[in-house]
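Reading through the structure tokens given below for one structure.
The values are calculated or read from the model by the stated rules, or taken from the named source; none is laboratory data. In this text, all values refer to a predicted model and were calculated from it rather than measured experimentally. Reconstructed Cβ throughout: ideal geometry from the backbone, glycine too, with neighbour counts over all protein chains shown.
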Amino acid sequence: MIEVNHLSKAYGKRLAVADLSFQVAPGEVYALLGPNGAGKTTTLRILSTLVRPTGGNAKVAGFDVVREPLEVRRRLGLVNGGMRVYDRLTGREALAFFASFYGLEGQAFQEALNWVVELLQMEETLDRKVMEMSTGMRQKVVIARAILHRPPVLLLDEATAGLDVFARRALLEFVKAYRDLGHTLVYSTHAMSEAEEVADRVGFLHKGRLVYQGSLTEARSLGQGSLERAFVQVVKEAA
């Protein structure tokens, strides 16, 4: 569902992503791990067609992110930390607004709404204004707007940033539930404990380069059962 081949992105003389290659299969959570500045957000921005790569290529659901951006967007959802929803709208109004971008109106919107409400257990948010919602409620609206069109690929970039423990827990449970529906997810984070809960495979990013990838079990074995220790060890060796 995702193919990244020798991808690079330069900002002036600085390489944010360098010769990056990886694949993600249907029904898989691939955790892209690294500290701030490692290139995680740049990679996801390229995959979501928000940034053009300097070199290499990438495909989402078989469509090239540069040559076929609209086809990619039809099959993609994006959630990142700090995403906002219009404060004065109710949850229902906000979702109707974003659904219109995908041509979901009338009965089609109602069916999509019923699906996300059941999946995210967000009945209480529908008729409440966003400004009156808790952090967790707002995050559910953010997630719902990203998946209303049922995208087969979902990208999450530091999606738990700023969330309290309950909202964070709800998001992690959602990731597993969405994967179990057969969808593909890339979960970008610097929080190793989150990756240990949701990932099938992991990739370690260091200064824009992929220095390791493997199954979660294989990666943890490098650190005597700890993903964090494995990451630190691999990055030190790469440095």
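Structural remarks
- Residue within region 191-201 that is in contact with a Phe, Trp or Tyr (Cβ under 7 Å, 6 or more places away or on another chain), not assigned by TED's automatic domain parsing to the domain that holds Ser8 and not basic (Lys, Arg) present: no
- When Leu104 is tested against (1) closer than 24 Å to Leu47 by Cα; (2) aliphatic (A, V, I, L, M); (3) under 17 Å from the mean Cα position of the chain (by Cα); (4) not in a helix (DSSP H, G or I), just one condition goes unmet, and that condition is (3).
- The set of residues in region 75-91 that are touching a Lys or Arg at 6+ places or on another chain (Cβ under 8 Å) and crowded, with 18+ Cβ neighbours inside 10 Å comprises Val85, Thr90, Gly91.
- Filtered residues of region 129-162 (kept if touching a Lys or Arg at 6+ places or on another chain (Cβ under 9 Å) and among the basic types (Lys, Arg)): Lys129, Arg138
- Candidates in region 144-164 are the residues that are outside the structural domain of Met192 (by TED's automatic domain parsing) and small (Gly, Ala, Ser); of these, the one that is nearest to the chain's Cα centre (by Cα) is Ala146.
- Flag for Leu20 being buried (at least 20 other Cβ atoms within 10 Å of the Cβ), in contact (Cβ under 8 Å) with a residue 12 or more places away in the chain, at negative phi and outside any loop (DSSP other than H, G, I, E, B): yes
- Qualifying residue in region 160-168 (condition: at pLDDT below 90 and of a type in the set (D, E, K, R)): yes
- Within region 92-114, the only residue that satisfies the criterion of being under 18 Å from Arg128 (Cα atoms) and surrounded by fewer than 12 Cβ atoms within 10 Å (Cβ to Cβ) is Asn114.
- Within region 29-40, the residues that satisfy the criterion of being surrounded by fewer than 18 Cβ atoms within 10 Å (Cβ to Cβ) and not small (Gly, Ala, Ser) are Pro35, Asn36.
- Which numbered condition Gly56 fails, given (1) part of a loop (DSSP other than H, G, I, E, B); (2) small (Gly, Ala, Ser); (3) under 30 Å from Ala18 (Cα atoms): (1)
- Residue ranges of strands (runs of 3 or more DSSP E) in region 159-239 with at least 3 members at negative phi and without any contact (Cβ under 8 Å) to a residue 12 or more places away in the chain: none
- Scanning region 122-148 for residues that are acidic (Asp, Glu) and outside any helix (DSSP H, G or I) turns up just one, Asp127.
- Residue list for region 59-74, filter: part of a loop (DSSP other than H, G, I, E, B) and buried (at least 18 other Cβ atoms within 10 Å of the Cβ): Ala61, Val65
- The residues listed here are Arg45, Arg75; of these, the one that is within 30 Å of Met122 (Cβ to Cβ), out of contact with any Asp or Glu (no Cβ under 9 Å at 6 or more places or on another chain) and among the basic types (Lys, Arg) is Arg75.
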